[in-house]
Amino acid sequence: MKKFWREPFLHFLLLGLGVFLFYGWVQGDTTDDQEIVLDNSDLKQMISKWNLQWKRLPSEDELTGVVEHYLRQEVLYKEALALNLDHNDEIIKRRLSQKMDFLSGDLAQIASPTEAELGTYFETHAARYRLPFSYSFEQIAFTRDKSGDHLSKNATETLARLQSRPSSAPAITGDPLSVPRKFNAIDGTRLASQMGDAFEKAMQTAAMDTWTGPIASGFGVHLVKISQRKNPQMPHLDQVRSEVLRDYQYDKEKEIGNQLYLEIRKKYPIQIELEPFDAINQEFIDQLEQKISE
């Protein structure tokens with residue numbers, strides 16, 4: 001129990017709650033202005049905006065996310081007004097709710113992780129920092145634009161020629177392409193961005209030191225000869241310390257912000273006044289009410 005009360009995160013959370021409770025006491029009771037109502041007109045407007053932006057209707061999960069974002073903005077907007085953050089400030093609701101997020105962000109920045117905490121975070125999220133495959137290889141491309149219907153035939157015939165006479169490779173150009181003929185120690189992430197995820201995945205198991213293929217990409221197909229391939233490696237913390245620290249602080253800021261938001265939200269009753277219409281049914285309304293009440 002004593003260890004629990006010594007947790008730095010708890011201190012910052014209590015500090016933040018203290019700030020909000022103090023300002024809430026100064027501002028007095030504003031119960032009449034605290035209720036947040038979500039009705040059909042609100043939901044239809046959300047659906048309309050989504051459809052306008054994405055040219056399609058949102059899925060139920062997407063619509064639920066939009067509703068939660070709307071309610072969060074309304075809660076923080078009302079709290080920002082209660083704290084008088086709009087005084088002499090002509091800023092729209094979004095900016096006011098952002099001010100509340102910034103307050104929680106400032107609290108998070110106070111907390112600098114210990115070496116042990118940063119190390120634990122690094123180990124927990126190791127997949128984020130694992131260095132990808134690295135490749136050195138030569139490629140000959142056959143593109144859809146140039147080879148057309150003869151794409152597979154051209155690639156297969158050229159591969160047979162290369163395998164029987166490897167010395168002929170310099171004379172074989174394939175189809176012109178904007179990417180290099182030779183790649184030297186390119187990491188898998190960069191390779192995937194240039195040639196596509198499927199191409200990079202195939203390169204992970206392709207034969208070494210011989211012409212092989214064809215391997216498909218967004219351009220067409222490629223014959224490749226890999227001279228060097230390094231497997232993914234886990235860096236030492238010191239190699240990626242700044243990146244890990246940035247991610248730690250970002251996640252901690254989100255964690256504190258969400259904790260503060262949940263405490264603030266208790267002050268603002270949310271009234272769901274939805275009825276089924278063409279875009280939603282009663283089952284969705286029931287699920288939404290349950291999720292919001294959690």
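What pairs come out if I take residues in the range 238-257 that are under 12 Å from E117 (Cβ atoms) and pair them with residues that are modelled with pLDDT under 90 and not β-branched (V, I, T) whose C-beta lies under 6 Å away, six or more apart or interchain? From residues that are under 12 Å from E117 (Cβ atoms), the pairs are Y248/P113; K252/A108. Only helices (runs of 4 or more DSSP H) whose full extent lies in the range 147-242 are considered here, and the ones with at least 2 residues that are β-branched (V, I, T) are 151-164. Cβ-Cβ below 6 Å, separation at least six or inter-chain, first residue in the range 272-291 and free of Cβ contacts under 8 Å to residues at least 40 places away in the same chain, second surrounded by fewer than 11 Cβ atoms within 10 Å (Cβ to Cβ) and not hydrophobic (A, V, I, L, M, F, W, C): which pairs? Filtered contacts from the range 272-291: P276/Q282. Inside the range 212-224, residues that are more than 32 Å from the chain's Cα centre (by Cα) and surrounded by fewer than 21 Cβ atoms within 10 Å (Cβ to Cβ) make up a count of 1.
Looking at the range 147-159, which of the residues that are surrounded by 15 or more Cβ atoms within 10 Å (Cβ to Cβ) and in contact (Cβ under 8 Å) with a residue 60 or more places away in the chain is nearest to A171 (Cα to Cα)? This residue is T158. Checked against (1) modelled with pLDDT under 80; (2) on the phi < 0 side of the Ramachandran plot; (3) over 22 Å from the mean Cα position of the chain (by Cα), N84 meets all criteria but (2). The C-beta contact set for the range 31-49 (first residue within 11 Å of V67 (Cα to Cα), second residue at pLDDT 80 or above and not charged (D, E, K, R), distance under 6 angstrom, 6+ apart or interchain) comprises M46/V66. Only residues that are part of a helix (DSSP H, G or I), among the charged types (D, E, K, R) and more than 22 Å from P269 (Cα to Cα) were counted across the range 36-88, and they come to 4. Across the range 239-267, the number of residues qualifying as aromatic (F, W, Y) and more than 16 Å from the chain's Cα centre (by Cα) comes to 1.
The values are calculated or read from the model by the stated rules, or taken from the named source; none is laboratory data. Just so it is clear, the structure is predicted and the values come from calculations on it, not from any experiment. Note that we place each Cβ from the backbone using ideal geometry, even for glycine, and neighbour counts take in every protein chain shown.
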